[in-house]
1. Among the candidates 97, 61, single out the residue that is free of Cβ contacts under 8 Å to residues at least 12 places away in the same chain, open to solvent by 60 Å² or more (accessible area, probe 1.4 Å) and not hydroxyl-bearing (Ser, Thr, Tyr).
2. Name the single residue, out of those in segment 75-89 being in contact (Cβ under 8 Å) with a residue 40 or more places away in the chain and not aromatic (Phe, Trp, Tyr), that is surrounded by the fewest Cβ atoms within 10 Å (Cβ to Cβ).
3. Given the options 24, 43, 92, 64, name the one that is within 19 Å of residue 8 (Cα to Cα) and either at pLDDT 95 or above or aromatic (Phe, Trp, Tyr) (or both).
4. So, in segment 75-102, exactly how many residues are charged (D, E, K, R) and over 11 Å from the mean Cα position of the chain (by Cα)?
5. In segment 100-114, which residue that is surrounded by 10 or more Cβ atoms within 10 Å (Cβ to Cβ) and farther than 20 Å from residue 11 by Cα is modelled with the lowest pLDDT?
6. Could you list, in sequence order, the residues of segment 91-115 that are over 15 Å from residue 64 (Cα atoms) and among the hydroxyl-bearing types (Ser, Thr, Tyr)?
7. Read through the list (1) farther than 16 Å from residue 76 by Cα; (2) open to solvent by 20 Å² or more (accessible area, probe 1.4 Å), then give the number of the only condition that residue 17 fails.
8. Specify the residue that is farthest from residue 101 (Cα to Cα); the eligible residues are those in segment 25-58 that are crowded, with 16+ Cβ neighbours inside 10 Å and of a type in the set (Lys, Arg).
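The values are calculated or read from the model by the stated rules, or taken from the named source; none is laboratory data. None of these values were measured; they are calculated from a predicted model. All Cβ positions, even for glycine, are placed from backbone atoms using ideal geometry, and neighbour counts span all protein chains on display. For the accessible areas, the whole protein counts, side chains as well, though only heavy atoms, and no ligand, DNA or RNA atoms are used. Shrake-Rupley method; radii C 1.70, N 1.55, O 1.52, S 1.80 Å.
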Amino acid sequence: VALFEQAASIEQANFDPYASGIAYEKVFNPMKGIPTDEKRLQYLIDTLSAKLDGYERILSKQKYLAGDELTIVDLWHIPYAEMSEKFAPQVYEAHPKVNAWYKALKERPSWIKANEA
């Protein structure tokens, strides 16, 4: 349970604010007629990249964020990772362990099936 809680905390503090921010700047704000703030977008991309350095260290030691078994915490990353990757693929490409982890997550049959609709 402790490793799960730790991984959940990492996602909440180090991934979601930046990846979701990228999605808001490039997808949701324009849908509402709000232009992308390019300066904020660059800050979010740079910060997400720096935060993924920590993920890279974690994933170099274990298969998933909470250990060697998949948890919901890993899956929480997929929606905003997909959106942020569209606008900042270099962030993921610069982190090989993160990139491999993320690609394995989005290639899961359950995720593929969920996106068929």
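1. Numbers: 97 fails: free of Cβ contacts under 8 Å to residues at least 12 places away in the same chain.
Residue meeting the stated conditions: 61.
2. Checked segment 75-89; the qualifying residue surrounded by the fewest Cβ atoms within 10 Å (Cβ to Cβ) is 86.
3. Working: 24 fails: within 19 Å of residue 8 (Cα to Cα); 43 fails: within 19 Å of residue 8 (Cα to Cα); 92 fails: within 19 Å of residue 8 (Cα to Cα).
Only one candidate passes the filter, namely 64.
4. 3
5. We begin by selecting, within segment 100-114, every residue surrounded by 10 or more Cβ atoms within 10 Å (Cβ to Cβ); these are 100-106, 108, 111-112, 114.
From what's left, farther than 20 Å from residue 11 by Cα: 112, 114.
Working: 112: 93, 114: 90.
Checked segment 100-114; the qualifying residue modelled with the lowest pLDDT is 114.
6. 92, 110
7. (1) is the only condition that residue 17 fails.
8. 26
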